[in-house]
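The values are calculated or read from the model by the stated rules, or taken from the named source; none is laboratory data. These numbers come from a predicted model, not from an experiment. Cβ atoms come from the backbone with ideal geometry, glycine included; neighbour counts cover every protein chain shown.
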Amino acid sequence: MRLSQFHLRTEKETPADAEIVSHKLMLKAGMIRKLAAGLYTWSPLGLRVLRKVEAVVREEMNRAGAIEMAMPSVQPRELWEETGRWAKFGPQLLKIRDRKEQEYCFTPTAEEAVTDFFRQEVASYKQLPVNFYQITSKFRDEIRPRFGVMRAREFIMKDAYSFHADDESLHAQYRTMYDTYTRIFTRLGLKFRAVAADTGAIGGSASHEFHVLADSGEDALAFSETSDYAANVELAEAVSPGARPAASEALRDIETPAQKTCEDVAALMGISLARTVKSVAIMAGDGDGNLPEKGGQFVLALVRGDHSVNEIKLAKLPGLADYRLATEAEILEYLGSEPGFLGPLHAQKPIRVIADRSVAALADFVVGANKPGFHIAGVNWGRDLPEPETADIRNVVEGDPSPDGNGSLRMARGIEVGHVFALGRKYSEAMKCTVLDGNGKAVHPAMGCYGIGVSRIVAAAIEQNHDDAGIRWPQAMAPWQVAVCVINPKSDPAVAEAAETLHAELNAAGIDTALDDRGLRPGAMFADIELIGIPHRVVVSGRGLEAGTFEYRARSSAEAENLDRAALLARIA
Ligand code: ATP
Ligand code: MG
Ligand code: MG
Ligand code: MG
């Protein structure tokens, strides 16, 4: 690729509105441009990287025997009604209407669509197992799209769905996918870890997440140093209060003016304030949109992890008038939580934030409720989840003994880049999907589903691989392996020709090479090549030609060296 004929547009200034390094560098390198909140255009440069990631994912899925296909982005409401997810998926599901007033959604995931395909295509257990996958755009109306493509609204996901005659076959495929994911993230050169996870909105019985380790990660992971034990703490926390129904029962018994502290309420709800509450807000309103001055109740929101917001109607709190009115947008921003779990808060307009982020501030407020059976109204448990199978690790801290009895726990932050689920028969049963077994009897196939955040991987890789000069791509993801830089191509035809020859030879040898023939001054040219993270830089100059050498520098090294052709090729290969 001749860069003079490519579209490369880097920026000198660091974009002010980007919070994390990958977002900054992707903008600076001109890999992505924002179209609207959570919607990004991939530039030609960005797309090259995205395609490299896709290629590794595709190769490894094919190697594992999965079969590629493609399903529509826009899917009819009726399909999603079959599983109840038209309603249950929550506000992340983008709903659209056509000219005939028919309702559709933009696919956030495709269990329904693939199960519909399967029930039309596959009739016998003899055709099983089968694993269909696609690499396509998904849309989730994230409440807080942020960090560029890391948490976008439209993003590229590889999603795979397997079908099985029995549970043994499902578990074998689950293991195969687990191993495949391990190969994929290893080939991509990422430092990652697989952790036990909850089963989220998708439901099912077994689930692991794959996390790229990075301090900017949104999830907290706990793992043992001496065994395989690893889990997503925040998810375990979000699903662990097994006492959910019991907690709401208990809350019904609090009579006004019961003197319950936040800790008491938290204890009743099976959550531990000190460690699980990330941020705390007290909202005021009567549930009908009236201001607290007119009387009414108050709402306490305990915001845990990324997912759960629990509301408790409160008796009147002192000191409200001292606090300013917050806008709904501010509160949503402040909570930074998932929309599915903020439904009741949306309705609670206007809202006041009267506590700041300190948990201690809450302890001074007295919590109560006024009518049996009413306090818990509007409580949003969020997800319809089975009991978690993982140990309750909500309160673990670094150094605690590992729940598997092996060594002590360490904590790390992670970016979720992949997720494997053993779904069981939830979807095949809901959608009346059957195959004939060996006895000619109709049975529901067991299913698994396996996602990878292809576009998120690009950002996650940068979080792990960068320096002051810019991105340092792992080999497998680099837009080009080599940049051949030409000094003064216009004024020195011999130099231009030698560079062209090297560029052509390297590409012919299967080494993806760019020729920087843009005619920039060396300083500006080298800065671009470093910023966009090309692993190998070769400079062709008049002086070098005379000496029979090329100047070579690895992106990972501070030193350049002069090498003859053979030595250069040995270094690059
Ligand atoms: P998260 O916990 O980050 O919201 P998720 O658990 O909702 O992700 P899954 O339903 O497991 O996501 O989807 C499979 C993969 O898709 C995730 O592991 C992640 O890598 C990717 N993904 C999910 N949401 C987004 C998003 N908003 N932007 C980019 N990638 C995403
Ligand atoms: Mg999500
Ligand atoms: Mg998740
Ligand atoms: Mg997930």
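Some values worked out for this structure:
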{"item": "Count - residues of the range 520-559 that are at pLDDT below 95, within 34 Å of the chain's Cα centre (by Cα) and in a helix (DSSP H, G or I)", "result": "0"}
{"item": "Among residues of the range 110-130, those that are surrounded by 19 or more Cβ atoms within 10 Å (Cβ to Cβ) and without any contact (Cβ under 8 Å) to a residue 40 or more places away in the chain, counted", "result": "0"}
{"item": "Selection within the range 442-477 - over 26 Å from residue 176 (Cβ atoms) and touching a His at 6+ places or on another chain (Cβ under 9 Å)", "result": "459, 462, 472"}
{"item": "Cβ pairs under 6 Å, 6+ apart, first in the range 205-228 and within 13 Å of ligand 3 (Cβ to nearest atom), second among the basic types (Lys, Arg)", "result": "211/193; 217/413"}
{"item": "Residue check for residue 568: surrounded by 20 or more Cβ atoms within 10 Å (Cβ to Cβ), in a helix (DSSP H, G or I) and either at pLDDT 95 or above or over 33 Å from the mean Cα position of the chain (by Cα) (or both)", "result": "yes"}
{"item": "Neighbours by Cβ (under 8 Å, 6+ apart or cross-chain): first from the range 88-105, more than 14 Å from residue 141 (Cα to Cα); second more than 16 Å from ligand 1 (Cβ to nearest atom) and basic (Lys, Arg)", "result": "102/77; 103/77; 103/95; 103/97; 104/77; 104/95; 104/97"}
{"item": "Residue under evaluation residue 91, criteria (1) assigned to a strand (DSSP E or B); (2) more than 20 Å from residue 422 (Cβ to Cβ), criterion not met", "result": "(1)"}
{"item": "Residue list for the range 173-213, restricted to those being among the small types (Gly, Ala, Ser) and modelled with pLDDT of 95 or more", "result": "189"}
{"item": "Top-ranked residue of the range 541-565 - restricted to ones that are among the hydrophobic types (A, V, I, L, M, F, W, C) and closer than 25 Å to residue 468 by Cα, ranked as surrounded by the fewest Cβ atoms within 10 Å (Cβ to Cβ)", "result": "558"}
{"item": "Failed item, numbered, when residue 499 is tested on (1) without any contact (Cβ under 8 Å) to a residue 60 or more places away in the chain; (2) surrounded by fewer than 21 Cβ atoms within 10 Å (Cβ to Cβ)", "result": "(2)"}
{"item": "Some residue of the range 37-46 being assigned to a loop (DSSP other than H, G, I, E, B), surrounded by 13 or more Cβ atoms within 10 Å (Cβ to Cβ) and touching a Phe, Trp or Tyr at 6+ places or on another chain (Cβ under 6 Å)", "result": "no"}
{"item": "Unmet criterion (only one of (1) more than 13 Å from ligand 1 (Cβ to nearest atom); (2) of a type in the set (Ser, Thr, Tyr); (3) more than 22 Å from residue 41 (Cα to Cα)) for residue 133", "result": "(1)"}
{"item": "Yes/no for residue 89 being away from ligand 4 (no atom under 16 Å from the Cβ) and either surrounded by 18 or more Cβ atoms within 10 Å (Cβ to Cβ) or at pLDDT 95 or above (or both)", "result": "no"}
{"item": "Residue list for the range 448-468, filter: more than 16 Å from ligand 2 (Cβ to nearest atom) and either in a helix (DSSP H, G or I) or surrounded by fewer than 24 Cβ atoms within 10 Å (Cβ to Cβ) (or both)", "result": "458, 461, 462, 463, 464, 465, 466, 467, 468"}
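Let's see how each residue does on (1) of a type in the set (Val, Ile, Thr); (2) within 16 Å of ligand 3 (Cβ to nearest atom); (3) in contact with a Gly (Cβ under 7 Å, 6 or more places away or on another chain):
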site	(1), (2), (3)
147	no, yes, no
157	no, yes, yes
160	no, no, no
174	no, no, yes
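Yes/no matrix, rows are residues, columns are (1) within 16 Å of ligand 2 (Cβ to nearest atom); (2) over 26 Å from residue 38 (Cα atoms); (3) over 23 Å from the mean Cα position of the chain (by Cα); (4) assigned to a strand (DSSP E or B):
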position	(1), (2), (3), (4)
131	no, yes, no, yes
159	yes, no, no, yes
175	no, yes, no, no
179	no, yes, no, no
182	no, yes, no, no
190	no, no, no, no
207	yes, yes, no, yes
226	no, yes, yes, no
